[in-house]
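Only the coordinates and a few stated rules stand behind these numbers; no lab work does. Given the structure is predicted, the values throughout are model-derived calculations rather than measurements. FYI the Cβ positions are ideal-geometry reconstructions off the backbone, even for glycines, and counts take in every protein chain you see.
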Amino acid sequence: MLKPLELRQRLYLYGMLHPLIATVRRYTVFPDAEAEYFLSLFSERKYKRGAVLLEEGQIAHEVFFILKGATRQYFLNGEGQERTCNFSMEQEFITDLESFSRKSRAASSIAALEPTSCMVITCTDLVTALGKSPATAEFFRAVVENVAAENIRRTKALLSLSPEKQFNDLLRDKPLLLQRVPQRYIAQYLGIAPESLSRIRKRMMRLQKS
């Protein structure tokens with residue numbers, strides 16, 4: 001068994017609480033012993049820009065927690081065209097949740113937009129952790145609820161909000177998006193042509209100057 005000092009050292013990265021544990025503790029009380037056990041189930045993995053973390057049609061056997069970097073989640077529509085449906089950055093979890101939970105083929109792919117470092121846990125290890133750690137179970141219930149709420153919000157936005165309002169909301173949630181994500185992917189996410197997004201940005205810049 002780890003001594004208290006050794007345990008705390010395992011939970012810290014460069015003198016700061018490990019980002020994974022800090023994220024969990026925003027949602028629930030996470031005792032050091034449970035936190036250390038949970039962290040021990042993850043492995044760190046690095047991806048180059050453009051690397052595919054999950055490919056559409058595969059079964060999602062892993063959940064990724066982004067330490068540094070950014071990813072996009074996308075799928076192919078009926079015409080074989082890419083459609084971006086999500087962006088994830090530091091201290092966010094990413095997977096194809098339906099594929100992961102149901103062991104079905106993933107309906108989307110996930111790729112790194114820039115060099116990306118992730119903590120990765122397998123489905124088997126996560127299920128084990130959920131059974132052994134009440135705090136982990138509580139946290140992942142909150143994650144699933146947040147994903148469901150975000151999916152509803154996204155559907156409502158697509159049906160009722162203008163692309164310009166959606167773009168404003170996206171920048172509010174992810175202020176560094178324009179610096180880190182190519183404009184064509186943002187346009188895909190909004191369901192508009194890149195030229196339309198350029199016009200929206202120009203209008204926003206004029207309004208900011210006036």
message: Which residues does the label zone of ALA33 cover in region 117-156, counting backbone N under 18 Å from a point 7 Å along Cα→Cβ?
response: 129-138
- request: Please report ILE152, ILE59 as a ranked list, fewest other C-beta atoms within 10 angstrom at the top and most at the bottom.
  value: ILE152, ILE59
10 Å binning of all Cα-Cα separations within the chain, expressed as whole percents from 0 upward: 8, 30, 34, 19, 8, 2, 0
message: Cut-off 10 angstrom, C-alpha nodes, Gaussian network model of the chain. Which of SER160, SER88, SER109 fluctuates the most?
response: SER160
- prompt: By counting other Cβ atoms within 10 Å of each Cβ, how are HIS61, HIS18 ranked from fewest to most?
  reply: HIS61, HIS18
- request: Along Cα→Cβ, 7 Å out, is where each label goes; now give me the distance between the ones at LYS48 and ASN151 in nm to one decimal.
  value: 3.4
statement: Measuring from its Cα centre, the chain shows a charge dipole (+1 at each Lys and Arg Cβ, -1 at each Asp and Glu Cβ) which, in debye to the nearest 20, is 920
message: With just the Cα atoms defining each centre, how far is region 123-202 from region 73-122? Give it in Å.
response: 11
query: the chain: longest stretch without exposed trypsin sites (Lys or Arg not before Pro) (DSSP loop, at most 16 other Cβ within 10 Å), sites themselves excluded?
result: 104-210
query: Relative to a virtual label point 7 Å from the Cα of GLU138 in the Cα→beta-carbon direction, which members of region 22-39 show backbone nitrogen distances below 14 Å?
result: 24-35
Theoretical ellipticity at 222 nm over the chain - DSSP helices of four or more residues, -39500 (n - 2.57) apiece, nearest 500: -15000 deg cm²/dmol
- line: XL table LYS48/LYS132; LYS48/LYS174; LYS46/LYS165; LYS46/LYS174; LYS46/LYS103; Cα-Cα > 28 Å flagged, in table order, is LYS48/LYS132; LYS46/LYS165
query: Hey, what do the phi angles of region 134-146 turn into as Karplus ³J(HN,Hα) couplings, whole Hz, using 6.51/-1.76/1.60 and θ = phi - 60°, x for Gly and Pro?
result: x, 5, 5, 4, 5, 4, 6, 4, 5, 4, 4, 4, 5
task: State the answer as a single residue: which of SER109, ALA187, MET205 lies farthest towards the positive end of the charge dipole of the chain, with beta carbon charges of +1 for Lys and Arg and -1 for Asp and Glu, about the Cα centre.
output: MET205
task: For the chain, with a Gaussian network of springs between Cα atoms less than 10 Å apart, report the residue from LEU176, LEU97, LEU67 with the top mean-square fluctuation.
output: LEU176
- prompt: So which residue, out of GLU55, GLU36, GLU79, gets the largest mean-square fluctuation from a GNM of the chain using Cα contacts under 10 Å as springs?
  reply: GLU79
- prompt: How about LYS68: which aspartates and glutamates have a C-alpha closer than 16 Å to its C-alpha, ignoring those fewer than 8 places off in the same chain?
  reply: GLU44, GLU90, GLU92, GLU114
